[in-house]
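Some notes on the structure that comes next.
The values are calculated or read from the model by the stated rules, or taken from the named source; none is laboratory data. Computed from a predicted structure; not experimentally measured. No Cβ is skipped: glycine too gets one built from the backbone with ideal geometry, and neighbour counts run over all protein chains shown. These accessible areas exclude ligands, DNA and RNA; they are computed on the full protein's heavy atoms, side chains included. Shrake-Rupley method; radii C 1.70, N 1.55, O 1.52, S 1.80 Å.
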Amino acid sequence: MKITLKVWRQKNSNTPGKLVEYQLDNISPDMSFLEMFDVLNGELTKKGEEIIAFDHDCREGICGSCSMYINGRAHGPQTGSTTCQLHMRSFSDGDTIVVEPWRARAFPVIKDLMVDRTAFDRIAQAGGYISVNTGSAPDANEIPVPREVADTAMDAAQCIACGACVAACKNASAMLYVAAKVSHFAVLPQGQAERTMRAERMVAQMDTEGFGACSFTGACSVECPKSISLDHIARLNREYLGAKLTSNNVQG
Amino acid sequence: MELDSKIPEGPLAEKWARHKFGLKLVNPANKRKYDIIVVGTGLAGASAAASLAELGYNVKAFTFHDSARRAHSIAAQGGINAAKNYQNDGDSVFRLFYDTIKGGDYRAREGNVYRLAEVSVNIIDQCVAQGVPFAREYGGLLANRSFGGAQVSRTFYARGQTGQQLLLGAYHALSRQVANGKVKLITRTEMLDVIVVDGKARGIITRNLLTGAIESHSAHAVLLCTGGYGNVFYLSTNAMNSNVTAAWRAHKKGAYFGNPCYTQIHPTCIPVKGDYQSKLTLMSESLRNDGRVWVPKSQQDAEKIRKGQIKANDIPEDARDYFLERRYPSFGNLVPRDVASRNAKYVCDEGRGVAPTGLAVYLDFADAIRRDGRKTIEAKYGNLFEMYEKIVGDNPYETPMMIYPAVHYTMGGLWVDYNLMTTIPGLYALGEANFSDHGANRLGASALMQGLADGYFVIPYTIGDYLATIGPGDKIAVDHPAFKEGEQRIHDMNNRLLSIKGSKTVDEYHKALGHIMWDYCGMSRNAEGLKKAKKMIQELRAEFWQNVRVLGTNEEMNQSLEHAGRVADFLELGELMVDDALHREESCGGHFREEYQTEEGEAKRDDANFTYVAAWEYTGDNKPEVLHKEELEFENVKLTQRSYK
Ligand SMILES: Cc1cc2nc3c(=O)[nH]c(=O)nc-3n(C[C@H](O)[C@H](O)[C@H](O)COP(=O)(O)OP(=O)(O)OC[C@H]3O[C@@H](n4cnc5c(N)ncnc54)[C@H](O)[C@@H]3O)c2cc1C
Ligand code: FES
């Protein structure tokens, strides 16, 4: 296949970037999208040009590193998958493909297609956990969890924190990411003790990081590689409201 | 140096309890006077960092990833073993111990493995308390599945994303300690050297991957939790950035390397397609619970399939060879990985492989779907089937999957004693980075168990003994000349790589090394091939340092430079693996020497001469390494020819 790539090149967060065009002539349909970038980077190196920086690691859709905005869609045309799971057979010979980084105020560009997503970690640090020290747990089967509950928790916990939800949202909101974590713990018996505090703190941190507001258009869930459902946002809203109504430490 | 494994005296079941009692403790108020560096935030690193911080130590945790949650552990699919015996099917700590020792082909320490089995039950308790959403039965109790090498059902799982959920459990615990200020988490930063002064590990040198800044960090102890080195083969199931650099640079500073040649080749991976391929994808072993492995009985049928003239479903039942079920009736498709891989290779070598390359066998779910219904199979393996379909473009509900063995895990790693300390005092290795518990072959679902055992339940006890011995004053500041020299060495190495300006990319060298390793030090090995490989690696390494092309500078984000440093280390490690494979004149577990096999083609150990751990000592650039032997003693199990018939 012959492919024309238009790739966002940006030296660092202080320098303006631009789209640069590259021509690739020998692309196999069985190649993965990132393997195409490997090939291109190999060619660039040979020509003495700087390679394109991008995040990637597992290349099987689980680590959440890869993050390309392809032809106007987070992770490209295939729903329910990450950039690394995309194969060239999803495109046609002669296609022009535009590749940009995630765009969001809370995700500044580091270089080329690589962005800074540490805001997600800070949201997790704000309360995305159950406080249990090593060694203090009771026998695992002493906490029965009905199967449907475990399934719902797992549906939410599948989130890979790639940030596609933010990239897909016109307001760059992080609601789906936060909702997935809050939901995961809110439905489990283990998560009850810190339930209200968690919702409050995580939402407060999300706001501090500069993510936008949620207008419930659902683009996040459509583009989510794990197809995390909007139900979790509904649950987060309930949790948050409930927390605000009952909380002793209401701030901001 | 004499190797002392520090395995405690006494009956097997009491060793760990006695040892814990004998270890020195650090008084709770004094813990804050100690600084600990943890490199890596996978299962081993994140669990260790969180647990040590909970105890009150000051922890600095490093990862080259942008987030602690992206460590390679996230990719583990199938499950984690624990001797809970919730299924009432005869499991026990002793049985898990026994299966692991046997599965490792009697090349692991009894004491370590027993401890691992013992703490396995605490791991599940801990993870459930953290909110890990393990699979459940309708009554709300935990569900289990079976894995290779065991006849009981003891594997806990969270769909096909067990590693993800366990790592998130540890990541959450770590995040809580970051919020508490007890862990300083330093991301996108790569450790490039260990600093040793007066024979003790004192800290590390790192490179900030965003700015290129080379920096020193000092501490009372350093923990390497940096994962395995399967990527020495270029193509493997490991994440792209997994590498040996941390362990290798520690090795060059005096940490012995244990059993480097013990590599696990996983039988169920998606076969290689083209030369551009960058990595291989594992299809979880759990699939072998329900999938049946087969190839056509005749070469003619296989050839027609390869040419695309017929399809798998055109082959009638009686023309299929379910070779694992035929050869190993009692374990069937659930034989250990090394056995399953080797048998797949045999049938492909006989010309009965499928896929255009001839390097694939079928994993067929038709019977299971007929028996349990598509819904059940979908519930168990849905995400794996989807993953397969995305990569291959075939629907495994309708046509059998094609699989082939691929490099997956490295049992070898830094040599550690019972306390997880390397031969450098104050330097520890945890998780896949050490060599400790799996002998010559790891059983499925045991790596997650080991990483978390090391981090949650072993190191929090054992490190106290060392710290209490040295005392809080025994720490060196980063302005010490040893740190400055360390920084300079890294600058020099990077400048050297950048100044070669040769004609081949780093990737080309990596790929070339991978080919040599796979061809001569892969699924089966022989003396002649290994000797040839050694020479080829030496030549390749020399060429790399003459002709590699790394662009840009050190003082910026530079992914080629990162990769170059890692490949430089792989080029040295590869030779040691070959040396180790050559010296071990027996077959055991994942190390299969063609010269040493039974009449039936099974691995043939030489217990009289090789019942030891090979621990290699680095003696200088391009100099032969020195072999040290740690004899293995078996008091509780009898060494037998492993049989899964
Ligand atoms: C596809 C796949 C599936 C698997 N499935 C299973 C399974 O079902 N059950 C099972 O038991 N095992 C499984 N395994 C094996 C298991 O996942 C790994 O052995 C285990 O997760 C390793 O954990 P770790 O903590 O030792 O290392 P890793 O998770 O590899 O973490 C290494 C960490 O070290 C950091 N690091 C490395 N070098 C440096 C450096 N120089 N500087 C800074 N940071 C560094 C990395 O950033 C990372 O944080 C699987 C493995 C693969 C590849
Ligand atoms: S590289 Fe891990 S999800 Fe894409």
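In the set B:418, B:461, B:466, only one residue is surrounded by fewer than 24 Cβ atoms within 10 Å (Cβ to Cβ), of a type in the set (Ser, Thr, Tyr), in the same structural domain as residue B:221 (by TED's automatic domain parsing) and in a loop (DSSP other than H, G, I, E, B); that residue is B:418.
Just one of the numbered conditions (1) in contact with a strand residue (DSSP E or B) (Cβ under 9 Å, 6 or more places away or on another chain); (2) under 14 Å from residue B:148 (Cβ atoms); (3) open to solvent by less than 10 Å² (accessible area, probe 1.4 Å) is not true of residue B:336: (1). In the set (1) within 7 Å of another protein chain (Cβ to nearest Cβ); (2) farther than 19 Å from residue A:144 by Cβ, residue B:150 fails one condition alone, (1). For the stretch B:213-229, give me each residue that is part of a loop (DSSP other than H, G, I, E, B) and either more than 25 Å from residue B:492 (Cα to Cα) or open to solvent by less than 20 Å² (accessible area, probe 1.4 Å) (or both). Scanning the stretch B:213-229 gives B:219, B:220, B:225, B:227, B:228, B:229. Of the helices (runs of 4 or more DSSP H) lying entirely inside the stretch A:170-252, the ones with 1 or more residues being in contact with a Gly (Cβ under 6 Å, 6 or more places away or on another chain) and not acidic (Asp, Glu) are found at A:175-186, A:195-208. Look at the stretch A:233-247: where a residue is touching a residue at least 40 places away in the same chain (Cβ under 8 Å) and a partner is surrounded by 17 or more Cβ atoms within 10 Å (Cβ to Cβ) and polar (S, T, N, Q), sitting 6+ places away or on another chain with Cβ atoms under 7 Å, you get A:235/A:183; A:236/A:183; A:242/A:196; A:243/A:196; A:246/A:196; A:247/A:196. When residues in the stretch A:1-48 are screened for being facing chain B (nearest Cβ under 8 Å) and over 27 Å from the mean Cα position of the chain (by Cα), 5 of them pass. Taken together, A:62, A:130, A:97, A:123 contain a single residue that is within 7 Å of chain B (Cβ to nearest Cβ) and either touching a Ser or Thr at 6+ places or on another chain (Cβ under 9 Å) or not in a loop (DSSP other than H, G, I, E, B) (or both), which is A:62. The set of residues from the stretch B:277-311 being within 16 Å of ligand 1 (Cβ to nearest atom), in a helix (DSSP H, G or I) and open to solvent by less than 40 Å² (accessible area, probe 1.4 Å) comprises B:285, B:286, B:287, B:288.
Scanning the stretch B:77-96 for residues that are out of contact with any strand residue (DSSP E or B) (no Cβ under 9 Å at 6 or more places or on another chain) and either free of Cβ contacts under 8 Å to residues at least 40 places away in the same chain or open to solvent by 30 Å² or more (accessible area, probe 1.4 Å) (or both) turns up B:85, B:87, B:88, B:89, B:90, B:92, B:93, B:94, B:95. Across the stretch B:118-133, the qualifying residues are those that are facing chain A (nearest Cβ under 7 Å) and touching a residue at least 24 places away in the same chain (Cβ under 8 Å), and the one among them that is nearest to residue A:150 (Cα to Cα) is B:133.
Within the stretch A:42-59, the residues that satisfy the criterion of being in contact with a helix residue (DSSP H, G or I) (Cβ under 8 Å, 6 or more places away or on another chain) and either surrounded by fewer than 17 Cβ atoms within 10 Å (Cβ to Cβ) or outside any loop (DSSP other than H, G, I, E, B) (or both) are A:42, A:45. Once the stretch B:148-173 is narrowed to residues that are of a type in the set (A, V, I, L, M) and within 11 Å of ligand 1 (Cβ to nearest atom), the residue that is surrounded by the fewest Cβ atoms within 10 Å (Cβ to Cβ) is B:158. Only one of the numbered conditions (1) more than 9 Å from chain B (Cβ to nearest Cβ); (2) in contact with a strand residue (DSSP E or B) (Cβ under 6 Å, 6 or more places away or on another chain); (3) touching a residue at least 24 places away in the same chain (Cβ under 8 Å) is violated by residue A:87, and that is (1). Restricting B:154, B:109 to residues that are touching a residue at least 24 places away in the same chain (Cβ under 8 Å), more than 16 Å from ligand 2 (Cβ to nearest atom) and over 23 Å from residue B:284 (Cβ atoms) narrows the list to B:109.
Among the residues that make up the stretch A:133-146, is at least one of them assigned to a loop (DSSP other than H, G, I, E, B), within 7 Å of chain B (Cβ to nearest Cβ) and within 16 Å of ligand 1 (Cβ to nearest atom)? Taking every residue of the stretch A:133-146 in turn, at least one turns out to be assigned to a loop (DSSP other than H, G, I, E, B), within 7 Å of chain B (Cβ to nearest Cβ) and within 16 Å of ligand 1 (Cβ to nearest atom).
Residue by residue, here is whether (1) of a type in the set (Lys, Arg); (2) at negative phi; (3) open to solvent by less than 30 Å² (accessible area, probe 1.4 Å); (4) in a helix (DSSP H, G or I) holds:
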| position | (1), (2), (3), (4) |
| --- | --- |
| B:580 | no, yes, yes, yes |
| B:585 | no, yes, no, no |
| B:599 | no, yes, no, no |
| B:609 | no, yes, no, yes |
| B:619 | no, yes, no, no |
| B:622 | no, no, no, no |
| B:627 | no, yes, no, no |
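Would you check which residues across the stretch B:251-276 are open to solvent by less than 10 Å² (accessible area, probe 1.4 Å) and either within 22 Å of residue A:38 (Cα to Cα) or within 10 Å of ligand 1 (Cβ to nearest atom) (or both) and list them? Within the stretch B:251-276, B:264, B:266, B:269 meet the criteria.
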